[in-house]
Amino acid sequence: MFRRLSSFVVVSSLSFIGPTFSQEPAGEREVLEEVLVEGGYDRRPLGPFLPDVEGTKINAGKKSSQIVPEEFPEINGANYRQVIARTPGLIISEESNPLISIGARGYEPGRTEYFQVLEDGIPISASMVGYPEAYYMPIFEAVDRIEVIRGGASLMYGPQPAGAINFIMKKPPLDKKLAVESLNTIGSFNSYSNFTSVGGAIDRFGYYGWYNYWKSDGFRRDNSDFSLSAYHIAFALDATGPQRLYVDFTAYNETHGFPGGLTLDDGPNAVNYYKDRNATSRFYDRMQLSRYATALIHEWDISKDTLFTFRGWWSYYMRYSRRQNGGGFGTLPTGPKAQTTYLRWDQYYTFGLEPRIRHDWQLFEKTQTLAGGLMLYNTYSPRVDKVGATPAAVDGKVLSQNLRSCWYFSAFMENRFQFGNFSIIPGLRLENIWQSVTESANVKRTQRGEPLGKEINYKFVPLFGLGLEYAFTQKITAYANASQSYRPLIFARTLPTDPNKIVNGNINENFTWNYEFGFRGDPQPWIFWDTSFFIINNSNQLGERTANNGNLTIYDNSGRSVVSGWDFAMQIDLIGLADQIFHGSSAGGGKEKSELGSWSKTYGSLNIYNALTLSTGKFTGGQNAGNTPRYLPPYLYRFGLIYDLNSRIKIAFMGNFIGSSFADDSNTASRFIPAYDVWDLTVEAKVYKDYVSIIGGVNNVFNRNYYSRIKPDGIDPAMPRNWYAGIKIEF
């Protein structure tokens, strides 16, 4: 027995998520069967973990996290160090521009390329298969929540072995005809940002739009400035009905300088980190990014047991970069080459279609859930490489030109079988990839008398997975997962533009088995925890080796690595705990405000959190045998306090302790990243009713000198202590 609530759909019988049923008078209450009530596209599930069934997806038996920005003070800019504060295992490769790099468990962070990065379930990398680097990331002020699903996400979302990061964006507000928000901040290094949004609903029609501008001079001596401008508009039709339609459009333009890397060595033209960590080694290197995308999402409650969703999208992505030739690791460019520049221009035209369905059916008087779908995806990508006659040239002579294309088709299915408190979730995904690269010009090949290159290949990859879950109570569960994932060959491994780099004809995609066993719970509003052990067996690692006295680079499978570790996350609300002990009640839990403990009503919440990952890993074969995979520190520990006075005042003091690691699989001494710690302090307070708030903060409070990113051109120093302050107006 249940009561249908607006657009909510009954999809499971394990737990309850969403608005509570209306209160009946005491003595007349009827005990109802507990159901999971899952919201539509514009509804947020409750709790730190994703629900077992969410829309057309099955999360049961997988390690998952839900990050809700509203639970923190306003996060300024793209400080993902604060965003992932309570999420174990993720590592940030920090830089001073808006680009973001996130890694995990031995998968390098570079442009988050080992995660499947999505916006409202739609892939947003330049090319999901051929060039899976996420130069574009959603504007954080427009994000409602972030879903993070570890390795088993490959069965749900497609390739990339580290898992999935899905940004759920804010939607048209349905409770007002007009809602306006404007946030303006200033800060260190002449930074300024503005985010302004307008939204509302009129009868069946909802609308929401925003504009964002963000710029800074950067902290390096020269060429570390950036400027970002983006806007978005979304429309919703019948957002509370059985058939819901959403259409949106996003435009994003960003440009920034590359100030270049530093070195720890002295020598001719060296730019030494210890002498001046703010120095610049590249004065002309620049990058420009543009992305224009539109999407259509349709949700249809066919019945109380069946939900159908359809996503269709198209995007244009442009990446343009200029890099001065003649430089080395942390050294200024020298010699004749330094008078020239290397120009690269990539374009990506992409469209995709994805229908999904979820159907609940009955067996042994329990609700079973079947979820599956199809994805068709295409990327058409021309690339041009040029050489400019001066370091500041914006155009030049063509070095190479090629046309890249990828067709991707997958079919996937999972079923959650429930037997009492125990669930078994087998899954299958069938991947089909057609990829081609065709050269129309290559100066080096022509000079050697070699024919222009052309490569066409097809891969069929079946992926299997098995999830297990046991519910001790509605809020305490054990879970286990064994699932396959893989890293498809990218365009550069299909046909390199440099003829001195070749691909071994027997090269295979990077194939991974992910194993995880965990125990999680949020039995009371004042506590949650999640602890798990994991093993990642990574075969056919993609690497490179040299031949012909170092004059030839061969891309090949370089061996196998095994990474294992332990994740632990816990948060306790100290005020809520005290209320539970002394008053027998605490905030939340579906209680009316009058029923809450007196301390929680008066003093709010004081959350203390811990997020710890201990890990180890080695290459067991190939040229890197015995080495540690890149960006795999022995420990990642995050600790902090978050105070919330009933959403009137929020204060957070957040610490990060990151162990040492290497930035390459060869464990080169110059690529060693020492251990470091960094702390942030952020504040948000309402100063006039609910209309006006002030925000502020100090990042890197103790001004630690550290770095977490090393590139081929040298060490990329992290930002020193910096501050920001702003005002937010909303009505």
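The values are calculated or read from the model by the stated rules, or taken from the named source; none is laboratory data. From a predicted model like this one, the values you see are computed outputs, not experimental measurements. Every residue, glycine among them, receives a Cβ derived from its backbone with ideal geometry; neighbour counts consider all protein chains shown.
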Does any residue of segment 460-479 turn out to be in contact with a strand residue (DSSP E or B) (Cβ under 6 Å, 6 or more places away or on another chain), of a type in the set (D, E, K, R), surrounded by 20 or more Cβ atoms within 10 Å (Cβ to Cβ) and outside any loop (DSSP other than H, G, I, E, B)? yes
Does at least one position in segment 74-88 carry a residue that is in a strand (DSSP E or B) and more than 20 Å from Ile651 (Cβ to Cβ)? no
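Residues are listed down the side, and each one gets a yes or a no for (1) free of Cβ contacts under 8 Å to residues at least 60 places away in the same chain; (2) assigned to a strand (DSSP E or B):
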| site | (1), (2) |
| --- | --- |
| Ala279 | yes, no |
| Phe283 | no, no |
| Arg291 | no, yes |
| Ile297 | no, yes |
| Trp300 | yes, yes |
| Trp313 | no, yes |
| Arg319 | no, yes |
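Residue-wise test of (1) closer than 27 Å to Gly151 by Cβ; (2) modelled with pLDDT of 95 or more.
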position: Val461; (1), (2): yes, no
position: Asn481; (1), (2): yes, yes
position: Arg493; (1), (2): yes, no
position: Tyr515; (1), (2): yes, yes
position: Gln524; (1), (2): no, no
Filter segment 603-651 down to residues that are of a type outside the set (D, E, K, R), over 29 Å from Val692 (Cβ atoms) and without any contact (Cβ under 8 Å) to a residue 60 or more places away in the chain, then give me how many there are. 11
Of all residues in segment 265-276 being assigned to a loop (DSSP other than H, G, I, E, B) and touching a strand residue (DSSP E or B) at 6+ places or on another chain (Cβ under 7 Å), the one that is surrounded by the most Cβ atoms within 10 Å (Cβ to Cβ): Val271
Report whether or not Ser93 is at pLDDT 90 or above and in contact with a helix residue (DSSP H, G or I) (Cβ under 6 Å, 6 or more places away or on another chain). no
State whether one or more residues within segment 558-570 are out of contact with any Asp or Glu (no Cβ under 8 Å at 6 or more places or on another chain), over 30 Å from Asn538 (Cβ atoms), outside any helix (DSSP H, G or I) and modelled with pLDDT of 95 or more. no
Of the conditions (1) surrounded by 18 or more Cβ atoms within 10 Å (Cβ to Cβ); (2) not in a strand (DSSP E or B), Tyr637 satisfies every one except a single condition; which number is it? (2)
If you check Ser154, Ser191, which single one turns out to be touching a residue at least 24 places away in the same chain (Cβ under 8 Å), of a type in the set (Ser, Thr, Tyr) and farther than 30 Å from Gln484 by Cα? Ser191
Looking only at residues in segment 606-627 that are among the hydroxyl-bearing types (Ser, Thr, Tyr) and surrounded by fewer than 21 Cβ atoms within 10 Å (Cβ to Cβ), which one is nearest to the chain's Cα centre (by Cα)? Tyr609
Considering each residue of segment 687-700, count those that are surrounded by fewer than 18 Cβ atoms within 10 Å (Cβ to Cβ) and in contact (Cβ under 8 Å) with a residue 24 or more places away in the chain, and give that number. 4
Among the residues that make up segment 235-248, is at least one of them under 29 Å from Ser315 (Cα atoms), in contact with a helix residue (DSSP H, G or I) (Cβ under 9 Å, 6 or more places away or on another chain) and modelled with pLDDT of 95 or more? no
For Ala393: the one exception among (1) surrounded by 15 or more Cβ atoms within 10 Å (Cβ to Cβ); (2) in a strand (DSSP E or B): (2)
Quick check on Lys366: is it at pLDDT below 95, basic (Lys, Arg) and within 21 Å of Ala492 (Cα to Cα)? no
Given the conditions (1) modelled with pLDDT under 95; (2) part of a strand (DSSP E or B), every one holds for Glu133 apart from (2)
When Ile456 is evaluated against the numbered criteria (1) surrounded by fewer than 16 Cβ atoms within 10 Å (Cβ to Cβ); (2) farther than 30 Å from Val503 by Cα, which criterion, by number, is the only one it fails? (2)
Can you tell me which residues in segment 480-526 are crowded, with 17+ Cβ neighbours inside 10 Å and of a type in the set (Lys, Arg)? Arg487, Arg493, Arg520
When both residues are 6+ apart or on different chains and their Cβ atoms are under 8 Å apart, which pairs have a first residue that lies in segment 368-391 and is over 28 Å from Thr497 (Cα atoms), and a second that is polar (S, T, N, Q) and surrounded by 19 or more Cβ atoms within 10 Å (Cβ to Cβ)? Gln368/Gln418; Thr369/Ser12; Ala371/Thr56; Gly373/Thr56; Leu374/Ser410; Met375/Ser410
Quick check on this structure: which one of Ile67, Ile102 is under 22 Å from Phe226 (Cβ atoms) and β-branched (Val, Ile, Thr)? Ile102
Can you give me the number of residues within segment 360-402 that are hydrophobic (A, V, I, L, M, F, W, C) and under 30 Å from Glu455 (Cβ atoms)? 7
Whichever residue in segment 109-121 is surrounded by fewer than 24 Cβ atoms within 10 Å (Cβ to Cβ) and either more than 11 Å from the chain's Cα centre (by Cα) or of a type in the set (S, T, N, Q) (or both) and, among such residues, is modelled with the lowest pLDDT: Gly110
Which residues, taken from segment 257-294, are on the phi > 0 side of the Ramachandran plot and within 30 Å of the chain's Cα centre (by Cα)? Gly260
Are any of the residues in segment 335-347 small (Gly, Ala, Ser), touching a helix residue (DSSP H, G or I) at 6+ places or on another chain (Cβ under 6 Å) and over 23 Å from Asp120 (Cβ atoms)? no
Which residue, of Ser666, Ser670, Ser693, is more than 27 Å from Leu614 (Cβ to Cβ) and either over 24 Å from the mean Cα position of the chain (by Cα) or in a loop (DSSP other than H, G, I, E, B) (or both)? Ser693
Yes or no: segment 59-66 includes at least one residue that is touching a residue at least 12 places away in the same chain (Cβ under 8 Å) and more than 22 Å from Phe519 (Cα to Cα). no
Taking Ile297 as meeting all but one of (1) surrounded by 20 or more Cβ atoms within 10 Å (Cβ to Cβ); (2) closer than 30 Å to Tyr211 by Cα; (3) over 28 Å from the mean Cα position of the chain (by Cα), write down the number of the exception. (3)
Here the residues within segment 210-238 that are farther than 20 Å from Val180 by Cα and either outside any strand (DSSP E or B) or β-branched (Val, Ile, Thr) (or both) are Asp217, Gly218, Phe219, Arg220, Arg221, Asp222, Asn223, Ser224, Asp225, Asp238
Which ones in segment 321-344 are closer than 16 Å to Gly257 by Cα, assigned to a strand (DSSP E or B) and not polar (S, T, N, Q)? Arg322, Arg323, Tyr342, Leu343, Arg344
